[in-house]
Amino acid sequence: SATIPPPLVSITNPATGAKFVAPAGLVLKADATQTGGSITNVRFFSGTTSLGNVTSSPYSFPVNNAAAGNYSFKAVAMNNQGGAATSAVVNVFVFTNAILSAPTRLTGGQFQFTVNGIAAQTYATEASTNLVNWSAITTNIAPANSFNVTDSTSTNILRRFYRARQDL
């Protein structure tokens, strides 16, 4: 008998780069097709951890209460001849509130604080004197779970409030 080609599989939900708020509930969905044979199952993964196995179409798997973090999902489809194919990875971000800590007035009047968040997620840090009007200090991709931000515009301001936010 002729060898059949491997299956084709792709994750159709969520889109790569999708952003959710923790604890997140989302549904992984995949399309899997097979020429000259049949799909026997699609297994869903977060990184290298198997989340679950679906044996019939539609191929979907719920992810409940996902904690804040960065996720890399993939799907592996198997055919009735033992062939397999792996989808492209879909990277998803689950946000939580950043915590600001370690406020310090530096020599020269600049102000520094630590943002405690999640590495590789984007944080916009902002300042206000009245909790109504906010101005941007920096927007950056966190190099680590904790990183320092310095406000170089604070040298002549007696009282200022700070926040770090993420936009969905």
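The values are calculated or read from the model by the stated rules, or taken from the named source; none is laboratory data. Since this is a predicted model, take the numbers as computed values, not measurements. Quick reminder, even Gly has a Cβ in these numbers, built from the backbone with ideal geometry, and neighbours come from all protein chains shown. The accessibility values were calculated without ligands, DNA or RNA, using every heavy atom of the protein model including side chains. Shrake-Rupley method; radii C 1.70, N 1.55, O 1.52, S 1.80 Å.
Over the chain, the alpha carbon radius of gyration divided by the compact-protein estimate 2.2 N^0.38 Å works out to 1.47. Distance between the C-alpha centres of region 120-159 and region 6-32: 33 Å, rounded to the whole angstrom.
Looking at region 105-168, the trypsin sites (Lys or Arg not before Pro) that sit in a DSSP loop and have at most 15 other Cβ atoms within 10 Å of their own Cβ are Arg159, Arg160.
Think of a 1.4 Å ball rolled over the protein heavy atoms: region 116-168 then has 59 Å² of accessible area per residue. The orientation-averaged projection of the convex hull spanning the C-alpha atoms of region 1-78 amounts to 5.4 square nanometres. For region 1-76, the relative contact order is 35 percent, taking Cα pairs closer than 8 Å that sit 6 or more residues apart in sequence and dividing their mean separation by the residue count. At full extension, Ser50 and Asn145 could sit 31.7 nm farther apart than now, given 0.36 nm per residue minus the alpha carbon distance. Counting protein heavy atoms only, region 44-88 has 49 percent of its accessible area on carbon and sulfur, 1.4 angstrom probe.
When you restrict to C-alpha pairs under 8 Å that are six or more residues apart and normalise by the size of the chain, the relative contact order lands at 20 percent. Were the residues from Val132 through Thr155 laid out at 0.36 nm apart, the gain over their Cα-Cα distance would be 6.2 nm.
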